[in-house]
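The values are calculated or read from the model by the stated rules, or taken from the named source; none is laboratory data. On a predicted model such as this, the values are computed, not experimentally measured, just so you know. Cβ placement follows ideal geometry from the backbone for every residue including glycine, while neighbour counts extend to all protein chains displayed.
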Amino acid sequence: MMAKKRARASTKKRKKGSVKRRTWDPFEVAEKLAPTVATMLGLDSLGLSEEQTIELLRDLLVMMMGDRVTKPKPEVMVNAIKRNESKAFAIIASKLLEIMPEGKLTPEQAEFAMAYIGPFAVRFAPRLYKEAKRLGLDLGPLQASWEEAWRLSGDEGPVGFCPNCGFRAIAPDWTCMVCGKVLNDKEIREATDFQSKVQEFLENADCKALKELLDKGSVFVGHSTISLSRQSKWDIEIYLNKDEKVKVREAFRKKCTKDLDSILKKL
Ligand SMILES: [Zn+2]
């Protein structure tokens, strides 16, 4: 890739004859700038060594330098980061989690990561959840980042809230994607607001759907409704228990034998 870039630059030079070429190594400059940039961004509170600070910012700084020909000053880099704050800080937060071994985050580092992890929260939430529990920190910011990450991804995300950690993180296999809890029959129903969705289904379903439900014995629970077939990869399949089957039979009897009665009456 570097060779390609160089070739392109030299073609330009031949054509125009005035294009300046970069005479400095972006990685070297980034390493030199990193400690100053970190201080200017208020990152000293993370308590990292100089070596760790360089690792934290190096790749981001190189990326932000882009094709720039003149050597950037720290203020220029700080302003560029501030202009793209949410994205840049998400990258810094995920880098921090790479640098620090699991179980070793300080409260300041964990709080920083939970607040800024943004789009990477889906990947890092299980780790951050553990660190926050260990440190006794408020999980609110991580929950907000988790929801933001799903919103940004354009994916509606999991159905149902975990009774253990409170995150909307129940996977189709009934486990929590954040704390790892495996839900039982009772918990999965509460987590997905199952009873009220079943109730609504029974009220709105036609006789054919009710009959199909009786035959099949299970439903797929989505964000707002239940269906007889899978509508999304996040749907959670639940088999009806005895009481629920009784309710379906009752609904079928009420709704679908009425027609029969009226037909009989007319005879
Ligand atoms: Zn959980």
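Pairs are defined by a Cβ separation below 7 Å, a sequence spacing of at least 6 or placement on different chains, a first member in the stretch 174-189 that is among the aromatic types (F, W, Y), and a second member that is within 11 Å of the ligand (Cβ to nearest atom); the pairs so defined are W174/V182; W174/L183. Regarding M77, is this residue assigned to a helix (DSSP H, G or I), over 23 Å from the mean Cα position of the chain (by Cα) and either aromatic (F, W, Y) or at pLDDT below 95 (or both)? Considered against the rule, which asks whether it is assigned to a helix (DSSP H, G or I), over 23 Å from the mean Cα position of the chain (by Cα) and either aromatic (F, W, Y) or at pLDDT below 95 (or both), M77 comes out as no.
A quick yes/no check of all residues on (1) farther than 28 Å from D155 by Cβ; (2) part of a helix (DSSP H, G or I); (3) at pLDDT 95 or above:
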{"site": "K208", "(1), (2), (3)": "yes, yes, no"}
{"site": "V219", "(1), (2), (3)": "no, no, yes"}
{"site": "S224", "(1), (2), (3)": "no, no, no"}
{"site": "S229", "(1), (2), (3)": "no, no, yes"}
{"site": "E244", "(1), (2), (3)": "yes, yes, yes"}
{"site": "A251", "(1), (2), (3)": "yes, yes, no"}
{"site": "D259", "(1), (2), (3)": "yes, yes, no"}
{"site": "S262", "(1), (2), (3)": "yes, yes, no"}
{"site": "K265", "(1), (2), (3)": "yes, yes, no"}
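Collect the residues in the stretch 41-61 that are surrounded by fewer than 13 Cβ atoms within 10 Å (Cβ to Cβ) and in a loop (DSSP other than H, G, I, E, B), keeping them in residue-number order. Selection gives G42, G47, S49. Would the stretch 113-121 turn up any residue that is touching a helix residue (DSSP H, G or I) at 6+ places or on another chain (Cβ under 6 Å) and of a type in the set (S, T, Y)? So far as the stretch 113-121 goes, yes, one or more of its residues are touching a helix residue (DSSP H, G or I) at 6+ places or on another chain (Cβ under 6 Å) and of a type in the set (S, T, Y). Answer yes or no: is there a residue in the stretch 94-110 that is without any contact (Cβ under 8 Å) to a residue 24 or more places away in the chain and within 16 Å of the ligand (Cβ to nearest atom). No - not one qualifying residue is present in the stretch 94-110. Within the stretch 197-223, the set of residues being over 14 Å from L240 (Cα atoms) and either of a type in the set (S, T, N, Q) or within 16 Å of the ligand (Cβ to nearest atom) (or both) comprises just one member, N204. When T192 is tested against the conditions (1) among the hydroxyl-bearing types (S, T, Y); (2) more than 16 Å from G157 (Cα to Cα); (3) within 16 Å of the ligand (Cβ to nearest atom), the lone failure is (2).
Screening the stretch 85-193 for helices (runs of 4 or more DSSP H) wholly inside it with 3 or more residues that are within 22 Å of Y239 (Cα to Cα) returns the ranges 185-191. For the stretch 120-173, the candidate set comprises residues that are within 16 Å of the ligand (Cβ to nearest atom) and on the phi > 0 side of the Ramachandran plot; within that set, the residue that is surrounded by the fewest Cβ atoms within 10 Å (Cβ to Cβ) is G166.
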